[in-house]
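Notes follow once the structure below has been shown.
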Amino acid sequence: TGSYTPDTENFAMRIISLKHISSKEITRNFRPFMSRYGRIIEIEQTNAVIIADTGQNINRMVQLIKFLDVPGHEESLHIIP
């Protein structure tokens, strides 16, 4: 659950908490980036994902999540007559 994942070809597991984007969106859209035996599981109750993959691939996913998990996605357009 910490912020360190070894940059290795060995398999590891990491829990990533999300703040501004839904775990369902990350899970659905990141499946193509997983390795053959990698898994991504959403935890809807806490808005987190569990990634089990190589350390290198987990680090790559974390960088993508940091880029996407920013404020502003919850904003919407309201038209007031």
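The values are calculated or read from the model by the stated rules, or taken from the named source; none is laboratory data. It should be emphasised that the depicted structure is a prediction, and the values quoted were computed from it without experimental measurement. Glycine also receives a Cβ, built like all others from the backbone with ideal geometry; neighbour counts cover every protein chain displayed. Heads up: the accessible areas ignore ligands, DNA and RNA and are worked out on the full protein's heavy atoms, side chains in. Shrake-Rupley method; radii C 1.70, N 1.55, O 1.52, S 1.80 Å.
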Q) Taking into account only those residues within region 50-81 that are among the hydrophobic types (A, V, I, L, M, F, W, C) and assigned to a helix (DSSP H, G or I), which is most open to solvent (accessible area, probe 1.4 Å)? A) Phe67
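Within region 36-49, can you find the residues that are surrounded by 16 or more Cβ atoms within 10 Å (Cβ to Cβ) and not polar (S, T, N, Q)?
Going through region 36-49, the residues surrounded by 16 or more Cβ atoms within 10 Å (Cβ to Cβ) turn out to be 38, 40, 42, 47-49.
The answer is Gly38, Ile40, Glu42, Ala48, Val49.
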Q. Considering only region 1-35, how many residues are open to solvent by 30 Å² or more (accessible area, probe 1.4 Å), in a strand (DSSP E or B), among the aliphatic types (A, V, I, L, M) and under 17 Å from Phe67 (Cβ atoms)?
A. 0
Q. How do the pairs read when you match residues in region 32-44 that are without any contact (Cβ under 8 Å) to a residue 24 or more places away in the chain with residues anywhere that are open to solvent by 90 Å² or more (accessible area, probe 1.4 Å) and in a loop (DSSP other than H, G, I, E, B), using Cβ under 9 Å and keeping only pairs 6 or more apart or on different chains?
A. none
